[in-house]
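The structure under discussion appears below in the form of structure tokens.
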Amino acid sequence: MTVRLRAHHLLCMLTYLGKGYSGAFTANYDRIVERLGSGEDILLVAGPDDICAPLLHDRQEHCFFQSVVERDESAARAVEDLIGRPVRPGERLSLDAETLSRMRAAFRTGATRQACNGCEWRDLCSGIADGGYKNARLAIAGTAARP
């Protein structure tokens, strides 16, 4: 199977530790993190993705807002520069231990954080990154908690 992700969720997954908008949201996110950790590839999509799924019953959810589309565009540019390959809808990515470590190191230094401006989770994610991703749930064989 393949996990469908919008670009800014490539950053969110780095610091995810089990907090979210609702119990259904976090249960879904936990399953996605498990799938990514077990080696499923990522299909980049435009708009709401597999992480957004529990919120899509309401068209007024932030998943549909233009500000989130802009966040996706900013994240795509930053991650594309970091990994040196296209990050746009329709592209597939595989996450390995080295890539995850590079993404976390760049996030921690702020190199890929432009998309986080205005996000309600920014401070929480900053604390997780500053703490070396100690309780972050995404793990891929060969990665350590600290990049």
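All of the numbers you see were taken from the coordinates with simple rules; none came from a lab. All values derive from a computational prediction rather than experimental measurement. Note that we place each Cβ from the backbone using ideal geometry, even for glycine, and neighbour counts take in every protein chain shown.
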Assuming 0.36 nm per residue, please report the length gained on full extension of the stretch Arg77 to Arg31 beyond their Cα-Cα distance. 13.9 nm
Fewest to most Cβ atoms within 10 Å: Tyr29, Tyr21 sort as Tyr21, Tyr29
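With all pairs of different alpha carbon atoms counted, what Kirkwood hydrodynamic radius in Å does the chain show?
Details: mean 1/r = 0.0659 Å⁻¹.
Computed over Cα pairs of the chain, the Kirkwood hydrodynamic radius comes out at 15.2 Å.
Between Arg122 and Ala53, what is 0.36 nm times their sequence separation minus the Cα-Cα distance? Round to one decimal in nm.
Values: separation 69, 0.36 × 69 = 24.84 nm, distance 2.14 nm.
Here the segment from Arg122 to Ala53 would lengthen by 22.7 nm.
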How would His8, His57 line up from fewest to most surrounding beta-carbon atoms within 10 angstrom? His57, His8
Treat the count of other C-beta atoms within 10 Å as a stand-in for reagent exposure and order Ile140, Ile51 from fewest to most. Ile140, Ile51
